[in-house]
Protein chains: 2
Amino acid sequence: MECLPGFREFYPEPLPHKDAWSCDARQHIFDAWRSTARRYGFREFDGPPLEPLELYTAKSGAEIVGQLFNFVDKGERAVSMRPEMTPTVSRMVASSERAYKKPIKWFSMPQLFRYEKQQKGRLREHFQLNCDIYGEADIAADAEIVALLVDTLRSLGLTEEDFVIRLSSRQAWQRFFASRGGDPAHEYEFYQVIDKVEREDPEVSAKKLQPLGISYDDVQSFIAAAEPTPELSELIRNLEARGLGGYLKVDYYVIRGLAYYTGVVFEAFDRKGEFRAIAGGGRYDQLVKLLSHGKVDLPALGFGMGDVVLLELLKSRGKLPKFTAGVDVLVMVEDESLRAASLGLVQALREAGRVVEYSLTPAKSDKQFKRALELGARFTAKIEAGPEGSMTVKVKNLASRAESVGDLAAALAATA
Amino acid sequence: MECLPGFREFYPEPLPHKDAWSCDARQHIFDAWRSTARRYGFREFDGPPLEPLELYTAKSGAEIVGQLFNFVDKGERAVSMRPEMTPTVSRMVASSERAYKKPIKWFSMPQLFRYEKQQKGRLREHFQLNCDIYGEADIAADAEIVALLVDTLRSLGLTEEDFVIRLSSRQAWQRFFASRGGDPAHEYEFYQVIDKVEREDPEVSAKKLQPLGISYDDVQSFIAAAEPTPELSELIRNLEARGLGGYLKVDYYVIRGLAYYTGVVFEAFDRKGEFRAIAGGGRYDQLVKLLSHGKVDLPALGFGMGDVVLLELLKSRGKLPKFTAGVDVLVMVEDESLRAASLGLVQALREAGRVVEYSLTPAKSDKQFKRALELGARFTAKIEAGPEGSMTVKVKNLASRAESVGDLAAALAATA
């Protein structure tokens, strides 16, 4: 009974087979996500992995609906496993915002789901860091969000040479469209064409642009000029003041597919262009109002970063550490009459915070020592019986080979 | 569009309304779970939250089937959101065990789901710490698992006065049943009666026991005697050697509902008996073989601990810390001409690991200072312009009121 197609099993390293995903690498990424968001003063939240279907069908662009992992539950409710976090967090903020000082800075790390046509290696779930700011319309909030995105990637060892943030603006495209006499009713349709123009055959794009009254060459010139809007210029100045200017590029190819973006939008890409987007986000000032049926009106912005492309990038750039059990001490039991005392030592070391392993059952001394080496333990420790029932602990440092003998306090000090 | 009945939303503290669950408390529990399991040398794994329905219907006791959160997916597969982790981990171990040294010691912290009749306050999801050992038949492994359970609760501040581990044995009950001439075909039926005997009306239990050929008084005497089996005695000696004897009680009322247990079983309860079980587990030596269709035969044991009862207990015993954003430094921007330099300071402090907040937009100095106090920040820091374009950083310790002025390095040292 294998696991369902498109779902992953996460194993401890070293990985047992080629279909295994690393739980250690996942936790390494989660730790970096959480600690960076916290340094920026973001607070963690979470919502249900299953939501009313309407939460997504009512507000998202049509492109997401066909991919939902939705079903009817035993209570006849139309429900969906969450495909994204923004509708959930917008609802949570709308219901609780009066209790929090603005701006509200929140993050979460949900598992998200989609039901796509099954293709080899195409996943139906992934984890995503979501960071959002609610209640601040100023571009300074956009800068804070982009800085957090940059530092999240930097905290995993990635540098200016590894990735770039492509900055764009829905407003820049809105003005472009309006100034060319575009019909506001077809504005989102136009964005959808722009969203694909980088990868699509120019003739196809030109054909799609024609009925909208827009010339393909005009679009290309606009993108090539990459003239920052005043807002983008301010955003860039803010990030330069933090020393993060080298990570930025104005790039109007980026527009983001989802319907709800309203201002600055951005995507993080590897510099070599080998992978899909590492992260993406932007400002969505109308969504809270929409989802709260007009009750709450808060400007908002944020980004999402998935674990799959990120992991591929970290692997390919050699940025993942070697994962082990992190064993501090292997307690050796060479004399079974000393097992009870050895268990006391195991307990004392663990209570002092050490990661401790030992052989649950009698084993030859050299086998136990070999296990310590395999595990990469920093120390071995063993109880030794002295005269008149006295006992001492011998600690061996496996790197330096230095040995020391003393009481429990000495053993704790020696294994610090 | 509210969230579905029985699902929770987790908010940052302080909580905004009475239906809000604390994401900070959840993370506090997760941190304790993860760090304790790691100290015991357990490695983290995870599986899919959605599994083939057959994984559960084929092997679990009938009592779980009616509660499954199951449905048919778009690919016509009968699937279920996971109600427990043991079948998943048994499958993962069966498929990978040759790559790992025995015993395999694994933990996970999955969200689990069930579809029960909706009652007020009755949840349809919870999180559960799962710790399991595979490949060790000796009672020493049972002791290691129980010790881990005890230390997990202790790591959250709970003591011998707060909780007790009730130890029991499927074998003890098996021998009891066999020695009274019980029919092996009805053995699991008998366990089901015993599982409820503590809370059920004695007459009802007696009536259920009669057709099995067992007398209610006989059962009560057996429980009252609480005579440890040789295995339980050895388990207790092992735990006493670790100084954990005070947490234990032999109690044959415990037998565990699930069909797959084969040896020692146990449950953790609060001493005052105010709550449902905090955790439960035991040995299930046949399950890997069953799930792998006989291909892999590994003894196994483990426990599960949910987040809901645990949180109630921690709350009622006053063991939860006060949760804050943990802000180290609030950077004050009193002179907007110094904002760019202030952003540089924010960045430098964050890069040094500090949790830093600042006002994204211009704000009065006293308002910024008030915010520092509200956030419980440890320090304020601000850029001050000196003569000839020089700049210094003034750091104020909000507890001691001590102030210092110096360069960036001094500010980093002062806020360490």
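One table, with the values for the structure above:
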quantity: Shielding score for B:285-293, defined as the mean number of other chain Cβ atoms within 10 Å; calculated: 0
quantity: Built amide H within the under 5 Å cut-off of residue B:69, gap 5+; calculated: B:81, B:115
quantity: Using θ = phi - 60° and Karplus 6.51 cos²θ - 1.76 cosθ + 1.60, couplings along the range B:367-379 (whole Hz; Gly, Pro as x); calculated: 5, 5, 5, 4, 4, 4, 5, 4, 6, x, 4, 7, 9
quantity: The range B:329-414 shape via C-alpha gyration tensor axes, a/c threshold 1.5; calculated: rounded
quantity: Inter-chain Cβ neighbour average for residues B:209-215, partner chain, 10 Å; calculated: 0
quantity: Sparse-neighbourhood loop sites, GluC sites (Glu not before Pro) in the range B:1-44 - DSSP loop, at most 13 other Cβ within 10 angstrom; calculated: B:2
quantity: Counting all C-alpha pairs of chain B, share separated by more than 35 Å (%); calculated: 44
quantity: Cβ-derived FRET efficiency at R0 51 Å, residue B:203 paired with residue B:138, nearest 0.05; calculated: 0.75
quantity: Prolate/oblate/rounded label for the range A:86-157 (Cα gyration tensor, a/c 1.5); calculated: oblate
quantity: Spin-label pair residue A:297/residue A:399, simplified geometry with 7 Å Cα→Cβ offset, distance in nm; calculated: 6.1
quantity: For the axis carrying chain B to chain A: nearest C-beta residue of B, whole Å; calculated: B:71, 2
quantity: Residue A:391-residue B:31 FRET efficiency (beta carbon distance; Förster radius 22 Å; 0.05 resolution); calculated: 0.05
quantity: Taking the range A:10-316 and dividing mean pair separation by its residue count, relative contact order in percent (alpha carbons under 8 Å, at least six apart); calculated: 21
quantity: Peptides ranked, highest mean first, by Cβ atoms within 10 Å: ranges A:316-325, A:47-56, B:266-275; calculated: A:47-56, B:266-275, A:316-325
quantity: Nearest-first distances (nm) between copies at residue A:220, label 7 Å from Cα via Cβ; calculated: 9.3
quantity: Flagged links, alpha-carbon separation over 25 Å, of A:105/B:322; A:102/B:367; A:367/B:102; A:396/B:101; B:74/B:105; B:117/B:322; calculated: B:74/B:105; B:117/B:322
quantity: Shape category assigned to the range A:59-191 from the gyration tensor of Cα positions, a/c cut at 1.5; calculated: rounded
quantity: For chain B, built as a Gaussian network whose Cα springs stay under 10 Å, the top-fluctuating residue of B:17, B:126, B:186; calculated: B:17
quantity: log10 of Debye I(q)/I(0), alpha-carbon scatterers only, for the protein assembly as shown at 0.05, 0.06, 0.07, 0.09 Å⁻¹; calculated: -0.32, -0.46, -0.62, -0.99
quantity: Inter-chain shielding of B:342-351 (mean C-beta neighbours from other protein chains, 10 Å cut-off); calculated: 5
quantity: Only Lys, Arg (+1) and Asp, Glu (-1) charged, at Cβ; the range A:10-316 dipole about Cα centre in debye; calculated: 640
quantity: Rel. contact order, % - alpha carbon contacts under 8 angstrom, at least six apart, the range B:329-414; calculated: 28
quantity: Between the range A:162-185 and the range B:90-133, the Cα center-to-center distance that results, in Å; calculated: 47
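Laboratory data are not the source of any read-out in this text; all were calculated from the coordinates shown. From a predicted model like this one, the values you see are computed outputs, not experimental measurements. Quick reminder, even Gly has a Cβ in these numbers, built from the backbone with ideal geometry, and neighbours come from all protein chains shown.
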